[in-house]
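Values in this text are rule-based calculations from the coordinates and carry no lab data. The shown structure was predicted, so the numbers you read here are calculated from the model rather than taken from an experiment. Glycine gets a Cβ as well: all are built from the backbone with ideal geometry, and neighbour counts include every protein chain shown.
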Amino acid sequence: MGEIPVTAIATDRVSAEGVSTLFVIDDDQDIRRAMCRLARADGLTVEDYASAPSFLEHYDPQKPGCIVLDIRMPKMSGLELQKVLSDRRSCPPIIFVSAYGEIPLAMQAIRDGAFDFLPKPFSGSALLKRIHEAMAFDRDNRRKRALAAEVQLRWNKLTNREREVSQLLAKGETTKHIAQHLSISPKTVDNHQTRILAKMNVENSTQLAHHLATLE
């Protein structure tokens with residue numbers, strides 16, 4: 001890849017990634033250092049590793065971010081690392097970097113869930129753009145998982161009858177139709193709805209439907 005032209009990238013932008021971390025994994029020391037310099041000049045927090053096993057030894061899946069990963073490495077390839085992380089259900093967005101002749105392997109990585117691949121040589125600006133997009137993607141996924149976990153906890157607190165009423169409310173059914181369907185009075189449905197909205201921490205049936213969709 002050669003030296004990445006750090007000076008060609010705007011470096012006065014304050015990083016919007018917060019605590020997100022870029023993990024650079026490449027056995028080529030020169031390339032790894034060049035990518036780290038580029039990312040740090042852009043304000044990113046970076047951790048770099050010379051091998052996949054070294055990364056796995058230190059990786060904390062609770063730490064948000066993305067990975068820039070070489071495909072061919074000794075001991076464990078980038079594709080093998082991708083599979084290990086996927087099997088553990090702790091795979092952050094991965095941007096593969098690959099030589100032109102490795103494009104078929106990179107396409108397989110995309111099919112297996114990689115965020116993107118960049119053929120070598122690539123520009124520093126293109127790499128940074130995809131890194132920021134991958135980090136944003138990771139943050140969004142983490143927010144969705146956190147919401148789903150919270151909704152599941154609230155859902156678990158509902159009674160069986162409240163769950164039945166919740167599902168009908170989420171479908172847009174009226175109080176009258178719910179009462180008829182469950183053979184209970186409209187007043188009882190209203191009472192259930194009041195408790196459901198409070199337990200699920202939502203204001204109306206539309207918000208309830210949105211929350212329940214995260215459980216599917």
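The Ser54 and Asn201 beta-carbon pair, evaluated with R₀ = 35 Å, returns a calculated FRET efficiency of approximately 0.25.
Each of Ser125, Leu153, Phe137 was placed along the dipole of region 74-216 (beta-carbon charges, centred on the mean Cα), and the one lying farthest toward the positive end is Leu153.
Quickly rank 173-185, 61-73, 141-153 as a protection proxy: mean count of other C-beta atoms within 10 Å, highest first.
Working: 173-185: 14.3, 61-73: 19.9, 141-153: 12.5.
Going by the mean number of other Cβ atoms within 10 Å, highest first, we get 61-73, 173-185, 141-153.
The Kirkwood radius of the chain, taken over pairs of alpha-carbon atoms, gives through the Stokes-Einstein law at 20 °C and 1.002 mPa s a diffusion coefficient of 107 µm² s⁻¹. Under 5 Å from the amide H of Leu118 lie the amide H atoms of Phe96, Val97, Ser98, each residue being 5 or more positions distant or on a separate chain, with H modelled from the backbone and absent for Pro and chain starts. Between region 12-88 and region 115-187, how far is it from one alpha carbon centroid to the other, in angstrom? Their Cα centres are 29 Å away from one another.
Do any trypsin sites (Lys or Arg not before Pro) in region 75-111 lie in a DSSP loop with no more than 12 other beta carbon atoms within 10 Å, and if so, which? List each step's numbers first, then the result.
Working: sites: Lys75, Lys83, Arg88, Arg89, Arg111; in loops: Lys75, Arg88, Arg89.
Within region 75-111, the qualifying trypsin sites (Lys or Arg not before Pro) (loop, at most 12 other Cβ atoms within 10 Å) are Lys75, Arg88, Arg89.
Computed from backbone phi with θ = phi - 60° and the Karplus coefficients 6.51, -1.76 and 1.60, the 3J(HN,Hα) list for region 197-212 is 4, 5, 5, 8, 6, 10, 9, 7, 5, 5, 5, 4, 4, 4, 5, 5 Hz; x is used for glycine and proline.
Only counting other Cβ atoms within 10 Å, I'd like Asp190, Asp140 sorted with the fewest neighbours first. Walk me through the numbers on the way to the answer.
Working: Asp190 14, Asp140 10.
Arranged by neighbour count, lowest to highest, Asp190, Asp140 become Asp140, Asp190.
In the chain, the calculated helix contribution to ellipticity at 222 nm averages -17000 deg cm²/dmol per residue, counting -39,500 (n - 2.57) for every DSSP H run with n ≥ 4.
Could you tell me the relative contact order of region 157-213? Use alpha-carbon pairs under 8 Å, at least six residues apart, and round to a whole percent.
Values: 42 pairs, mean separation 23.6, N = 57.
Relative contact order comes out at 41 percent.
Hey, fewest Cβ within 10 Å first, where do Leu169, Leu215 land in order? Can you show the working numbers first?
On the way: Leu169 23, Leu215 9.
Ascending number of Cβ neighbours within 10 Å: Leu215, Leu169.
For Thr45, the amide hydrogen comes within under 5 Å of the amide hydrogens of Leu22, counting only partners 5 or more places away or on other chains and with H modelled in the peptide plane. Of the residues Glu162, Glu102, Glu80, the one that moves most in a GNM of the chain with alpha-carbon contacts below 10 Å is Glu162. Relative to the Cα centre, the charge distribution of region 6-142, modelled as +1 at Lys and Arg Cβ and -1 at Asp and Glu Cβ, gives a dipole magnitude of about 140 debye.
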